[in-house]
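Visitor: One structure follows; several queries about it will come next.
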Amino acid sequence: MRKLYCTLTALLLSLLLSGCGAPSVPQPETLTVACTTCPVYLLAQAVSEGVDTVEPVLVVDQQLSCLHDYTLTMGDMKTIEGSSLLAINGAGMEEFLEDVLERRTYLDCSQGLDLLWNEEEEENDPHFWLDPSCAAQMAENLARGLGEADPDHADTFTANAEAVSLRLNDLQQELKEALSALPCRQLITFHDGFSYFARAFDLEIAASVEEEEGSEASARRITELVALIDQYHIPAVFTETNGPDSTAKALAQERDIRVGTLNMGMSSDSLPEGLTGLEAYEWVIRSDVNAILEAYA
């Protein structure tokens, strides 16, 4: 009987253990990084590549040219509150997050950048991601912040950021060479966010027109723009993806010029489906350079 009792006890314990499965192994906690803008999100993906415990998530993913007048939604707030780390563009882009930034720590991707001053707005220009060298610095800032939050993978973040910097340097040199023979180096854009892009590729913003949806520039402003087109022999003007184009079309009627489109990469809708990380960022810059080459050909 004693032998039978021991056998039954062993069998019972075996069944209980098999029902519960193998002893649980503590799983590493996921570091959720809430990225306020699409460019920050893409670079966070690139810097955290190969680290399964880091999950970048995008806060604002709407067809917007800029976030100056953006209003924080409940969905945005839920994404931010559920994150382990908040990564922002910086340089004043996130005015809509002022209350949030006052009560929590965050990673500012504008640290160490040579910012341009917007004379008209009397503030720093926050659209620096369109300069590949600035994007490389953003990646470095992200790697530093991620490394502080997740020291076990700090070396991986640093190595990824260094790889990003090398690729973006090559991209910038390649595209500068492609633009070197342009017959005209002046741009007229319909958003004030392309100054860093122009600086990166030795171009000049002759005029940036801020146009509200459903409106058109005044007759005086159109006359001024036509004068610039004549002065510099500008063959095209450029609207921004999802932006208004009525004034651009009016200029095309005044002079025999093309109307092109530049992409700021501010939403996932502005990117090819399935493209992520550094590849998506590179696509934005390439598409803008190609738009200029095609329009100025």
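The values are calculated or read from the model by the stated rules, or taken from the named source; none is laboratory data. Since we're looking at a predicted model, the values are computed, not measured. FYI the Cβ positions are ideal-geometry reconstructions off the backbone, even for glycines, and counts take in every protein chain you see.
Visitor: Could you grab me the full set of residues in the stretch 244-297 that are among the basic types (Lys, Arg) and under 18 Å from Pro132 (Cβ atoms)?
Guide: Of all residues in the stretch 244-297, those among the basic types (Lys, Arg) come to 249, 255, 258, 286.
Across the stretch 244-297, the qualifying residue is only Arg286.
Visitor: Okay, moving on. Six or more apart or on different chains, Cβ under 9 Å: which pairs go from a residue in the stretch 47-62 that's assigned by TED's automatic domain parsing to the domain that holds Val164 and in contact (Cβ under 8 Å) with a residue 40 or more places away in the chain to one that's charged (D, E, K, R) and part of a strand (DSSP E or B)? Could you list them?
Guide: Close Cβ pairs satisfying both conditions: Ser48/Glu55.
Visitor: Whether any residue in the stretch 43-62 is surrounded by fewer than 17 Cβ atoms within 10 Å (Cβ to Cβ) and at pLDDT below 95 is what I want to check.
Guide: yes
Visitor: Kindly indicate whether Glu162 is of a type in the set (Asp, Glu) and surrounded by 18 or more Cβ atoms within 10 Å (Cβ to Cβ). Write out each step before concluding.
Guide: Details: of a type in the set (Asp, Glu): yes; surrounded by 18 or more Cβ atoms within 10 Å (Cβ to Cβ): no.
No: the conditions fail for Glu162.
Visitor: Of the numbered conditions (1) under 27 Å from Gly193 (Cα atoms); (2) surrounded by fewer than 12 Cβ atoms within 10 Å (Cβ to Cβ); (3) in contact (Cβ under 8 Å) with a residue 12 or more places away in the chain, Gly75 fails exactly one; give the number of that condition.
Guide: Unmet for Gly75, out of (1) under 27 Å from Gly193 (Cα atoms); (2) surrounded by fewer than 12 Cβ atoms within 10 Å (Cβ to Cβ); (3) in contact (Cβ under 8 Å) with a residue 12 or more places away in the chain: (3).
Visitor: Ok, one more. Can you go through Ala154, Ala163 and tell me which one is modelled with pLDDT of 95 or more, over 30 Å from Ser246 (Cα atoms), more than 20 Å from the chain's Cα centre (by Cα) and among the aliphatic types (A, V, I, L, M)?
Guide: Details: Ala163 fails: more than 20 Å from the chain's Cα centre (by Cα).
That would be Ala154, the only listed residue that is modelled with pLDDT of 95 or more, over 30 Å from Ser246 (Cα atoms), more than 20 Å from the chain's Cα centre (by Cα) and among the aliphatic types (A, V, I, L, M).
Visitor: Might you let me know whether the stretch 265-287 holds any residue that is hydroxyl-bearing (Ser, Thr, Tyr), buried (at least 20 other Cβ atoms within 10 Å of the Cβ) and under 16 Å from Glu210 (Cβ atoms)?
Guide: no
Visitor: What are the residues in the stretch 105-147 that are part of a loop (DSSP other than H, G, I, E, B) and among the polar types (S, T, N, Q), if any?
Guide: Residues of the stretch 105-147 part of a loop (DSSP other than H, G, I, E, B): 105-106, 109-116, 119-122, 125-127, 131.
Answer for the stretch 105-147, where residues must be part of a loop (DSSP other than H, G, I, E, B) and among the polar types (S, T, N, Q): Thr105, Ser110, Gln111.
Visitor: Can you tell me which residue among Glu94, Glu98, Glu123 is under 27 Å from Gly243 (Cα atoms), of a type in the set (Asp, Glu) and crowded, with 17+ Cβ neighbours inside 10 Å?
Guide: On the way: Glu98 fails: crowded, with 17+ Cβ neighbours inside 10 Å; Glu123 fails: crowded, with 17+ Cβ neighbours inside 10 Å.
That would be Glu94, the only listed residue that is under 27 Å from Gly243 (Cα atoms), of a type in the set (Asp, Glu) and crowded, with 17+ Cβ neighbours inside 10 Å.
Visitor: Taking the stretch 51-76 only, how many residues are in a loop (DSSP other than H, G, I, E, B), farther than 25 Å from Thr239 by Cα and out of contact with any helix residue (DSSP H, G or I) (no Cβ under 6 Å at 6 or more places or on another chain)?
Guide: Here the count works out to 3.
Visitor: Further, regarding this structure: Output the residue which, of all residues in the stretch 209-235 that are of a type outside the set (A, V, I, L, M, F, W, C) and modelled with pLDDT of 95 or more, is surrounded by the most Cβ atoms within 10 Å (Cβ to Cβ).
Guide: Pass one, the stretch 209-235, residues of a type outside the set (A, V, I, L, M, F, W, C): 210-216, 218, 220-221, 223-224, 230-233, 235.
From what's left, modelled with pLDDT of 95 or more: 223-224, 230-233, 235.
Numbers: Thr223: 11, Glu224: 14, Asp230: 11, Gln231: 10, Tyr232: 15, His233: 9, Pro235: 17.
For the stretch 209-235, the residue satisfying everything is Pro235.
Visitor: Is one or more of the residues making up the stretch 78-88 over 24 Å from Glu148 (Cβ atoms) and either in a helix (DSSP H, G or I) or out of contact with any Cys (no Cβ under 7 Å at 6 or more places or on another chain) (or both)? Spell out how you get there, then give the answer.
Guide: Residues of the stretch 78-88 over 24 Å from Glu148 (Cβ atoms): 78.
Those still in the list that are either in a helix (DSSP H, G or I) or out of contact with any Cys (no Cβ under 7 Å at 6 or more places or on another chain) (or both) too: 78.
Yes, the conditions are met somewhere in the stretch 78-88.
Visitor: Would you check if Glu240 is in contact with a His (Cβ under 7 Å, 6 or more places away or on another chain) and at pLDDT below 95? Steps first, please.
Guide: Details: in contact with a His (Cβ under 7 Å, 6 or more places away or on another chain): yes; at pLDDT below 95: yes.
So Glu240 passes the test.
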